[in-house]
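Participant: Submitted below is the structure of interest, expressed as structure tokens.
No value in this document is a laboratory result; all are computed from the given coordinates. Predicted model only: the values in this text are computed from it and were never measured. So basically every Cβ, Gly included, is an ideal-geometry build from the backbone, and we count neighbours across all protein chains shown.
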Amino acid sequence: MATLRIYDCDGRVLAVDLRHLIDLLAPRSLQATWTASSVEGEELWATGQGGVQLEGLARNRSPVSGAVLAELAKSTVQVIWGEFTAVLPPQSVVWVTIRAIDSTFYEVTTTDEVVLKKVRSTYKDVRVATGPDE
């Protein structure tokens, strides 16, 4: 598995959010089943109406379709902390994991080379994570 970290900023604000990554990975992201959860000991924290619903999904560990996650992401102002894990049917292995880390960067972890290429070609400040704290 490879993990890429996206640090792109628009001024002083992170220029990427969950909705952008779901859109970037479509149509497969919409076909996947997603589970939201906490990350690095931090509860999922998001703002806006969709964010409240994402927080509830994380508390209950309720899986949702990619289409539902996309709608929630569009009505979310910002995901500050959170992990979103996708499985493509009919598989049971994780296809991609997206993590929001303290509004500082996003991580995308996958073995799918197409996803890695899309992330690298879309964002300017992309770094390879070589360890959990790097």
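Participant: Is it the case that some residue within segment 51-62 is of a type in the set (D, E) and either in a strand (DSSP E or B) or out of contact with any Asp or Glu (no Cβ under 6 Å at 6 or more places or on another chain) (or both)? Explain how you work it out, then say what you get.
Facilitator: Here is the first cut: in segment 51-62, the residues of a type in the set (D, E) are 55.
Now drop any that are not either in a strand (DSSP E or B) or out of contact with any Asp or Glu (no Cβ under 6 Å at 6 or more places or on another chain) (or both), which leaves 55.
For segment 51-62, residues of a type in the set (D, E) and either in a strand (DSSP E or B) or out of contact with any Asp or Glu (no Cβ under 6 Å at 6 or more places or on another chain) (or both): present.
Participant: Turning to a different aspect of this structure: When segment 1-40 is examined, which residues are found to be assigned to a loop (DSSP other than H, G, I, E, B) and of a type in the set (F, W, Y)?
Facilitator: If the condition is that a residue be assigned to a loop (DSSP other than H, G, I, E, B) and of a type in the set (F, W, Y), then Y7 is the only one that fits.
Participant: Now for a separate question. Being assigned to a helix (DSSP H, G or I) and surrounded by 15 or more Cβ atoms within 10 Å (Cβ to Cβ) is the filter here; which residues of segment 68-90 pass it? Talk me through it step by step, then tell me what you get.
Facilitator: From segment 68-90, those assigned to a helix (DSSP H, G or I) are 68-74; that's our starting set.
Of everything in segment 68-90, those that are assigned to a helix (DSSP H, G or I) and surrounded by 15 or more Cβ atoms within 10 Å (Cβ to Cβ) turn out to be V68, L69, A70, E71, L72, A73.
Participant: Need pairs with beta-carbon distance below 7 Å; first residue within 12 Å of M1 (Cα to Cα) and within segment 108-128, second assigned to a helix (DSSP H, G or I); sequence gap 6+ or separate chains.
Facilitator: Correct list of pairs: V108/L21; V108/V115; V108/V119; T110/L116.
Participant: Applying the selection to segment 1-46, what residues are buried (at least 16 other Cβ atoms within 10 Å of the Cβ) and aromatic (F, W, Y)?
Facilitator: Selection gives W34, W45.
Participant: Could you check how many residues of segment 91-134 are under 23 Å from D10 (Cβ atoms), in a loop (DSSP other than H, G, I, E, B) and of a type outside the set (A, V, I, L, M, F, W, C)?
Facilitator: Count: 6.
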